[in-house]
Amino acid sequence: MSDGQQKKTFVITRFDPDRDDAPRKQAYEIPVHPDWKVLDALNFIKDEIDATLSHRWSCRMAVCGSCGMMVDGEPRLTCKEALSQYGDTVDVAPLANFPVVRDLVIEADGFMEKLTHVKPWIIRAKELAVEEGPMRQSPAELEEFKQFSMCINCMLCYSACPVVANEPEFIGPAAIALGHRYSLDSRDEGAADRNEIFRGEGTVFSCSFANECSEVCPKHVDPAAAVNQAKLNAVIDWATSLVLPRGGDK
Amino acid sequence: MIEVTRHDIVIVGGGAAGLRAAIAACEIDPGASIALVSKVYPMRSHTVSAEGGAAAVAREDDNFEMHGYDTVKGSDFLGDQDVIQYFVEQAPRELTLLEHWGCPWSRNEDGTVATRAFGGMSTKRTWYATDKVGFHMLHALFQHSLRFDNIVRYDEHFATKLLVDGGVVRGVAALDVRTGVVRVVLGRAVIMATGGAGKIFPFTTNGNIKTGDGMALAYRAGVALKDMEFIQYHPTGLPGTGILITEATRGEGGYVINSEGERFLATRDYGVGTKAELGPRDMISRAIIQEIEAGRGISGPYGEYVYLDLRHLGEAKIVARLPMVREISKIYIGVDPVYEPIPIRPVVHYMMGGIDTDITAATSLPGLYAAGEVASASLNGSNRLGSNSLTECLVFGASAGRNAMAFAEGSSEGSEDALRREGEEEAARIVALRGKQKGGEKLSRIRSDLHKTMESGCGVYRTQEAMNETARTVAQLRGRYADIALEDSSTVFNTELIAALEMGNMLDVAEAVANSAASRNESRGAHTRRDVPNRDDQNFLYHTLCYFDPAGPRLGKKDVTLGHWEPEERKY
């Protein structure tokens, strides 16, 4: 490292349930490269200074969804954020609104259960046989749901969501977007099932439309729009079922 | 007392191959208990990073014979021809299933699935979902798998040992990363689907998790690793990070140009003929290295590179077909490909070699199956064609799931006492390694020395001397690894311990790669020697087998299955 190299201080939240009663902050001053992302700095600290630092990462190209953390108080994918946009001191903490396993690692099982709950798979009254070949889907039909299928399950939206903060059981933006994605898919016949789920407690009607989820989404999924649409569909479906008790399916 | 759980089969790895295997097993028996053990949550698996597409015959102007011939020629005639024929016939069925399960394949105007051109493929047969195909396939598979409640997931469980009793595989020992507890996960058959080992190299498209774990577990259990010398360099990685820029860029019409703006793949003789940018990966990677060596590269802070030029495709096409390429280029190299060419250089991408499997995804060890990059079914021979590997995960993942279930049907559970003891021994080994203060070296030193030697001996161009040197260095690194010091003694999410265990796996795989490479005295596919430039079918038309031995690896040979296509000079 040359003497002229820029340095930054990383103030990192540390917590090891084997040793600590409560989270603490630990500061590391390190030389940084102008091309680095936030994740590169964490990996430098891990490799060169403190091997006990725990964080998740893998693809380092913003698609595996592992490395979400709070950077200067905002939920971010650390492999995507250029270090150059931050000041001399950078605060890194685990994603907000999740239980912490250790250091920068949060507990994700709750999200996995929420995801499963919305039935994020193609539902059909009668399964197609493979011999029938691929279904037709026009580019316009694909466009209907494509944006909501881009969710990488990074869970930044849960950290940003004020409802999740107060009501941890709220099923949350990503799960709703993914459930809604299947309901919008021309190949799916499960919208009524999911509307039923979305009329349940702690789902779409808990959303307060803060829109924070869409603002932090690193993949521009716009989960707030999905929640909005899902809410409307759940209501219409319910109203239709009052008029036509056996109707409501598409 | 160690915790023991029982299932019908155990799958290690939750990427495309592992998930496809799990679903196949559920389809056979919805009541069966399927354990899915993965060191990451399944949707973090490296399948997620695949970009360009998945190959299967779909168009009227295409057929199995053409897909098969392209594949065997791409393999430089080291692919097993029965395996290739099985693969191409199964491929459309598997991609159709993905369609039924919700994969958002890109479409033609009439609603049929769109296909694009890919390197070494003689027609458009690569199915795609813009340029995020691995991501969409992985999430479609994972989300589809959530409907089966008989798939019991062991998320963030790191399998460290195959448990064998009476010569039959009966399960795995797996470290629960979150708690530090080692579990014995038993099943009457085990499927390895843990992917490749790109992280033994410094410059790779592979994610941090690609450490060859399944290869190492099988190797240590006495199963041969096959054709490990064949490492695929993808022609177009970003300098510095190694992040992949998909071959679909060239499939959609992109050019590769040197510092003089010349499309050298079209203008000079690099063996790709009129295919130019759509030649196979091994040839294009060599061509780029030769251009750089001839002084027609561009110098940058991360070494020399050439350009991938997409400007003539226009913004509309780039946005519609290659949105991720644009996003990645902007974020990771500060280039918008609509207006500027993208700096690229060859980068370690894929291992043609792996656990020796047959056409049924079975290994030589009863009860052990393998599929995807971890396996070498000899579909890819010495060079894989782009877009065959995602399909391979599905075809052989499904086959592994079905065949493992059939094996489990007729197999017994083995001695629980013996398996528990094995698990306890493994737990003791892991506890001893955790926070091991005695010794000298940091893990990161060993890793950087491994990286240096693998790149110098087993890169795009190789020599006997350099390969021998790498084999010797890897052996020394094993000694140094035995003496590492670790700092983290916590039981909870101890990523240093995981990295140490992964390093052990990487050294096993690196040993197999270097020694297999040093034994192949010819140039074939991705194994290119400066000192022996030609292919030698007389003496080397065989698969290399590498067996673990504490005293150093033992090498063997296995015949290539021929019969349908006569080996010929590989020219395009």
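Regarding the range B:454-466, can at least one residue be identified that is away from every other protein chain (no Cβ under 14 Å), surrounded by 15 or more Cβ atoms within 10 Å (Cβ to Cβ), modelled with pLDDT of 95 or more and assigned to a strand (DSSP E or B)?
Within the range B:454-466 (the criterion being away from every other protein chain (no Cβ under 14 Å), surrounded by 15 or more Cβ atoms within 10 Å (Cβ to Cβ), modelled with pLDDT of 95 or more and assigned to a strand (DSSP E or B)), the answer is yes, since at least one residue qualifies.
The conditions are (1) closer than 22 Å to A:ARG194 by Cβ; (2) away from chain B (no Cβ under 12 Å); (3) assigned to a helix (DSSP H, G or I), and A:GLU143 fails exactly one of them. Which is it?
Of everything listed in (1) closer than 22 Å to A:ARG194 by Cβ; (2) away from chain B (no Cβ under 12 Å); (3) assigned to a helix (DSSP H, G or I), A:GLU143 misses just condition (2).
Out of the range B:123-167, which residues are assigned to a strand (DSSP E or B) and either over 30 Å from A:PHE145 (Cα atoms) or of a type in the set (Gly, Ala, Ser) (or both)? Reasoning before the result, please.
First, pick out the residues of the range B:123-167 that are assigned to a strand (DSSP E or B): B:126-127, B:151-155, B:157-165.
Result: B:TYR154, B:HIS157, B:PHE158, B:ALA159, B:THR160, B:LYS161, B:LEU162, B:LEU163, B:VAL164, B:ASP165.
Considering only the range B:523-572, state which residues are assigned to a loop (DSSP other than H, G, I, E, B), aliphatic (A, V, I, L, M) and within 30 Å of B:ARG478 (Cβ to Cβ). First the steps, then the outcome.
Initial filter on the range B:523-572 (assigned to a loop (DSSP other than H, G, I, E, B)): B:523, B:525-526, B:530-536, B:541, B:548-553, B:560-572.
The next check asks that each one be aliphatic (A, V, I, L, M); those that pass are B:526, B:532, B:541, B:551, B:560, B:562.
Those that are assigned to a loop (DSSP other than H, G, I, E, B), aliphatic (A, V, I, L, M) and within 30 Å of B:ARG478 (Cβ to Cβ): B:ALA526, B:VAL532, B:ALA551.
Run down B:THR241, B:THR274, B:THR246, B:THR236 and say which single residue is in contact with a helix residue (DSSP H, G or I) (Cβ under 9 Å, 6 or more places away or on another chain), of a type in the set (Val, Ile, Thr) and more than 30 Å from A:ILE152 (Cα to Cα).
Result of the check over B:THR241, B:THR274, B:THR246, B:THR236: B:THR274.
Scanning for something within 8 Å of chain A (Cβ to nearest Cβ) and surrounded by 23 or more Cβ atoms within 10 Å (Cβ to Cβ), does the range B:125-133 turn up at least one residue?
First pass over the range B:125-133, keeping only residues within 8 Å of chain A (Cβ to nearest Cβ): B:132.
In the following step, the residues that additionally are surrounded by 23 or more Cβ atoms within 10 Å (Cβ to Cβ) were identified as B:132.
Looking for residues that are within 8 Å of chain A (Cβ to nearest Cβ) and surrounded by 23 or more Cβ atoms within 10 Å (Cβ to Cβ), one finds at least one in the range B:125-133, hence yes.
Scan (1) of a type in the set (Asp, Glu); (2) assigned to a loop (DSSP other than H, G, I, E, B); (3) more than 10 Å from chain B (Cβ to nearest Cβ) for the single condition A:ASP91 breaks and write down its number.
Single failed check for A:ASP91: (2).
When residues of the range A:166-195 are filtered for being farther than 12 Å from A:LEU115 by Cβ, within 14 Å of chain B (Cβ to nearest Cβ) and within 14 Å of the chain's Cα centre (by Cα), how many remain?
Number of matching residues: 0.
Residue under question is B:TYR350, and the condition is that it be in a strand (DSSP E or B) and within 28 Å of B:GLY53 (Cβ to Cβ); does it hold?
Values: in a strand (DSSP E or B): yes; within 28 Å of B:GLY53 (Cβ to Cβ): yes.
Answer is yes for this residue.
So how many residues does the range B:238-288 have that are assigned to a strand (DSSP E or B) and either touching a Lys or Arg at 6+ places or on another chain (Cβ under 6 Å) or of a type in the set (Asp, Glu) (or both)?
First, the residues of the range B:238-288 that are assigned to a strand (DSSP E or B): B:244, B:255-257.
Still in the list and also either touching a Lys or Arg at 6+ places or on another chain (Cβ under 6 Å) or of a type in the set (Asp, Glu) (or both): B:255, B:257.
Residues flagged as assigned to a strand (DSSP E or B) and either touching a Lys or Arg at 6+ places or on another chain (Cβ under 6 Å) or of a type in the set (Asp, Glu) (or both) within the range B:238-288 amount to 2.
Output the residues belonging to the range A:109-130 that are closer than 19 Å to A:VAL204 by Cα, touching a residue at least 60 places away in the same chain (Cβ under 8 Å) and more than 8 Å from chain B (Cβ to nearest Cβ).
Selection gives A:PHE111, A:LYS114, A:HIS117, A:VAL118.
Would you be able to tell me the number of residues in the range B:301-336 that are of a type in the set (Lys, Arg), within 14 Å of another protein chain (Cβ to nearest Cβ), closer than 21 Å to B:TYR128 by Cα and out of contact with any Pro (no Cβ under 7 Å at 6 or more places or on another chain)? If you could, list the steps in order and put the result at the bottom.
First, pick out the residues of the range B:301-336 that are of a type in the set (Lys, Arg): B:311, B:317, B:321, B:326, B:330.
Next, from what is left, pick out any that are within 14 Å of another protein chain (Cβ to nearest Cβ): B:321, B:326, B:330.
Next, from what is left, pick out any that are closer than 21 Å to B:TYR128 by Cα: B:321, B:326.
Still in the running and out of contact with any Pro (no Cβ under 7 Å at 6 or more places or on another chain): B:321.
Total meeting the criteria: 1.
This table checks each residue for (1) crowded, with 20+ Cβ neighbours inside 10 Å; (2) more than 9 Å from chain A (Cβ to nearest Cβ); (3) touching a Lys or Arg at 6+ places or on another chain (Cβ under 6 Å).
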position	(1), (2), (3)
B:PHE118	yes, yes, no
B:MET121	yes, yes, no
B:ALA140	yes, no, no
B:PHE158	yes, yes, yes
B:LEU163	yes, yes, yes
B:GLY166	no, yes, no
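What single numbered condition from (1) buried (at least 24 other Cβ atoms within 10 Å of the Cβ); (2) farther than 30 Å from B:ARG554 by Cβ; (3) among the aliphatic types (A, V, I, L, M) fails to hold for B:ILE231?
Among (1) buried (at least 24 other Cβ atoms within 10 Å of the Cβ); (2) farther than 30 Å from B:ARG554 by Cβ; (3) among the aliphatic types (A, V, I, L, M), the lone unmet condition for B:ILE231 is (2).
What is the residue count in the range B:1-50 for residues that are more than 14 Å from every other protein chain (Cβ to nearest Cβ), more than 19 Å from B:MET405 (Cβ to Cβ) and either modelled with pLDDT under 95 or under 15 Å from the mean Cα position of the chain (by Cα) (or both)?
Number of matching residues: 3.
Among the residues in the range A:148-161, are any under 21 Å from B:THR112 (Cα atoms) and within 22 Å of the chain's Cα centre (by Cα)? Step through it out loud before you land on a result.
Restricting attention to the range A:148-161, the residues satisfying the condition of being under 21 Å from B:THR112 (Cα atoms) are A:149.
Those left that are additionally within 22 Å of the chain's Cα centre (by Cα): A:149.
For the range A:148-161, residues under 21 Å from B:THR112 (Cα atoms) and within 22 Å of the chain's Cα centre (by Cα): present.
The values are calculated or read from the model by the stated rules, or taken from the named source; none is laboratory data. Note that the structure is a prediction, hence the values are computed from the model and not measured. Because the Cβ atoms are built from the backbone with ideal geometry, glycine has one as well, and the counts that use them run over all protein chains shown.
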